[in-house]
Structures are given as structure tokens and as C-alpha cells.
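Remarks on the structure that follows.
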Amino acid sequence: MTVLAAYSDLAGRCALVTGASSGIGQALAERLAADGTLVVLAARRADRLHEVADLIEHAGGRARVEPMDVADTTATVARIRALDAELGGFDLVIANAGVGMSAKGRSRVAWESMADACHINFCGAAATLTAVLPQMVERGRGHVVGISSIASFTPIPGRGGYCAPKTGLSMLLECLRLELAGTGVHATAVHPGFVRTAMTAKSKGALPFVMDPPAAAARILRALPRAPATIDFPWQLATVARAGAALPRALRDVVLDAVAGRRP
Ligand SMILES: NC(=O)c1ccc[n+]([C@@H]2O[C@H](COP(=O)([O-])OP(=O)(O)OC[C@H]3O[C@@H](n4cnc5c(N)ncnc54)[C@H](OP(=O)(O)O)[C@@H]3O)[C@@H](O)[C@H]2O)c1
């Protein structure tokens, strides 16, 4: 039986999506709601969340706005637990909230450049994913999904503050998947390539195989019912990144330096 069949059979299917105020999270929320799921929309900008909720409700779906800063992990866990109890249990939790590296640091190797990404992309995601995992295991159903990145596959010079929390998130989900085997609860790490969102809007570099958020959301939600360990797309970029990660380090360093334009 597919996971989707397992939870779509239940009346009052319920999902939490963090980072639902824009980009991939908004697209995931809209698509889940269109499919009949009650979606809890979480992010920091309450005004944006209300706009997304209005869009969902005008389209006939159900949404609830929950302003939340996932970097405050204690408050995040407490709020998700309270919502889980109030709403009768989440069937799906998607830890999507994330940021790129910050311009606050005096250089890309300064803590200030990576602090937000570490707190939000790893700690915030880990808190979101695990807040009600014991409750899901007791119920014998549920699915936790983390939006990681193809950037988690291989080191990228100057992007350690983004790659490292994403690699940690993917590793956490792999561990959870093994730990949860046989419980009826599933864990999936999603590794998107480039998606046209606020996060990539300022990028001056090439964005090969870039896709729009609705296409990315469709790709993710089409695959989720099989509860795969990972959802990697586009396959062309994922294949190149995984192959790069498998190279011997000395060779990989030369390739990465060439890509970064540091050697002829
Ligand atoms: N775009 C890409 O090419 C790409 C590729 C691979 C992976 N990803 C990942 O996809 C996820 C979504 O990113 P996106 O591209 O859709 O960018 P986006 O449009 O900037 O969305 C990021 C979302 O995260 C929320 N967020 C940020 N910090 C938060 C916090 N402390 N607490 C709660 N919510 C927070 C933002 O809402 P508020 O500002 O309202 O809080 C926003 O809704 C991220 O995890 C990102 O790393 C993106």
C-alpha cells in the first residue's frame, strides 16, 4: 500500500509546511490543499501567510496560518506539539523553511555568514521534523519530509555555510528512515536543483535546469506516495553532483577549483 493511500484514506488529512510564505513551500501548500489536505502554513511573515491562505481558500482548500520562527527551536517544538494534539495528528510534516548564506559576515568563512543557515536550515528543520515523531510512531502512521538540496552532495567552495546544514539535514533523514523502519512512519530527504524563488532571484551565476516552484512541488508530491528515501531532481544535475561527490578528493578538488574559476 502506498503512503498516500495510507493517509489519504483518513478523514481530515493534515499537513504542516514550514516556509509556506513563498517559493517551494507556498507551492507545496497550494498543491496539498488542492488535493483536500488541511495545510498548516508556517513562516515568520504572517501577512504573506494570510495571502497564501486566502489563495488556498479561494480555490476551495483549507489552510491555517501559524506564524513561526523555526530558529527558535524550543518554541517551534512546543507549537507543533500543541497543533498536533489540537488537529488530531499531522499525517505529513514538511520542513522546508530555509535561507541562503547571509551577507552579514565580513567574508564567506565568517560565522556571521553562516549562522542563520545553521540555525534555520539544520536546527530549525531538525526540530520541525522530530517535534511529533514519537506521536506519529504511536499512531503507526506519518511522513516527515525535509527539503534539503543538491548542494548537500558535494562541497562547494565558499558555500560551506549552506552545504553543511543541508548535508546534516539529509543525514538526519537517512538515520530517521532506518530508525523508523516497520513503524508505519516514513522519512524522505528532497534534493532539488535550482528553483526560481526569492532565494535564487539575486543569483548572478547560471542556473542550469532551473524550474518554477509549482513544477518542483508537483515533482515532490508525485513521488512522496512511494515514501522514497530521497527525491532528487532534476536528474541531470543530481547525477553530475553525485558523480562529482564520488570522485577521489584530489581529482574532485581540481574540478571544483576549475568550476569556481580559481585555476586555468
Ligand atoms: N530555490 C532553490 O533553488 C532551492 C534549491 C534547493 C533547495 N532549496 C530549499 O528550498 C527551501 C525553500 O526555499 P525557496 O527556494 O522556496 O526560497 P524562499 O522563497 O526564500 O522561501 C524560504 C521560506 O523559508 C521561510 N523561512 C526562512 N527563515 C525562516 C524561519 N527562521 N522560520 C520560519 N520560516 C522561515 C521564508 O518565510 P519567512 O521569511 O516569512 O519566514 C520562506 O517562506 C529552502 O530550504 C531552500 O534551502 C531551494
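The values are calculated or read from the model by the stated rules, or taken from the named source; none is laboratory data. Nothing here was measured: the structure is a model prediction, and the numbers come from that model. We place every Cβ from the backbone using ideal geometry, glycine too, and count neighbours over all the protein chains shown. What goes into the accessible areas is simple: the full protein's heavy atoms, side chains included, and nothing from ligands, DNA or RNA. Shrake-Rupley method; radii C 1.70, N 1.55, O 1.52, S 1.80 Å.
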| query | Could you give the angle, 0 to 90 degrees to the nearest 10, between helix 46-58's Cα long axis and the longest principal axis of the Cα atoms of the chain? | reply | 60 degrees
| said: Please list, by residue number, everything in region 194-232 whose backbone N is under 19 Å from a paramagnetic label point 7 Å out along Cα→Cβ of residue 255. | reply: 194, 206-209, 232
| field | Most fluctuating residue given options 181, 78, 250, as computed from a GNM of the chain linking Cα atoms under 10 Å | value | 250
| Two-site label geometry, residue 243 and residue 196: point separation in nm, points 7 Å out along Cα→Cβ | 2.7 nm
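How large a share of the accessible area of region 109-216, in percent, is made up of carbon and sulfur atoms when the probe is 1.4 Å and the other protein chains stay in place?
Working: 3050 of 4700 Å².
For region 109-216, the apolar C and S fraction of the accessible surface comes to 65 percent.
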| field | Ellipticity estimate at 222 nm from DSSP helix runs (n ≥ 4, -39,500 (n - 2.57)) divided over the chain, nearest 500 | value | -14000 deg cm²/dmol
| query | From the backbone phi of region 29-44, what are the Karplus-calculated ³J(HN,Hα) couplings (6.51 cos²θ - 1.76 cosθ + 1.60, θ = phi - 60°) in whole Hz, Gly and Pro given as x? | reply | 4, 4, 6, 4, 5, 4, 8, x, 7, 6, 10, 8, 9, 10, 4, 7
| query | Residue separation times 0.36 nm, minus the C-alpha to C-alpha distance between residue 137 and residue 229: what's the value? | reply | 31.3 nm
| remark: Given backbone amide H placed at 1.01 Å from N, residues whose amide H is under 5 Å from that of residue 187, ignoring those fewer than 5 places away on the same chain, are 144
| Per residue, how many Å² of accessible area does region 136-264 show with a 1.4 Å probe? | 52 Å²
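Per the Kirkwood treatment, what hydrodynamic radius in Å, one decimal, follows for region 125-235 from the mean inverse distance over all distinct Cα pairs?
Details: mean 1/r = 0.0669 Å⁻¹.
Averaging 1/r across every pair of different Cα atoms and inverting gives 14.9 Å.
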| If you average 1/r over all unlike Cα pairs in the chain and invert the result, what Kirkwood radius do you get in angstrom? | 18.8 Å
| query | Using a simple spin-label model with points 7 Å from Cα along the Cα→Cβ vector, what separation in nm is obtained for residue 74 and residue 35? | reply | 3.6 nm
| Inter-label distance, nm, simple model (7 Å from Cα along the C-beta direction), residue 50/residue 102 | 2.8 nm
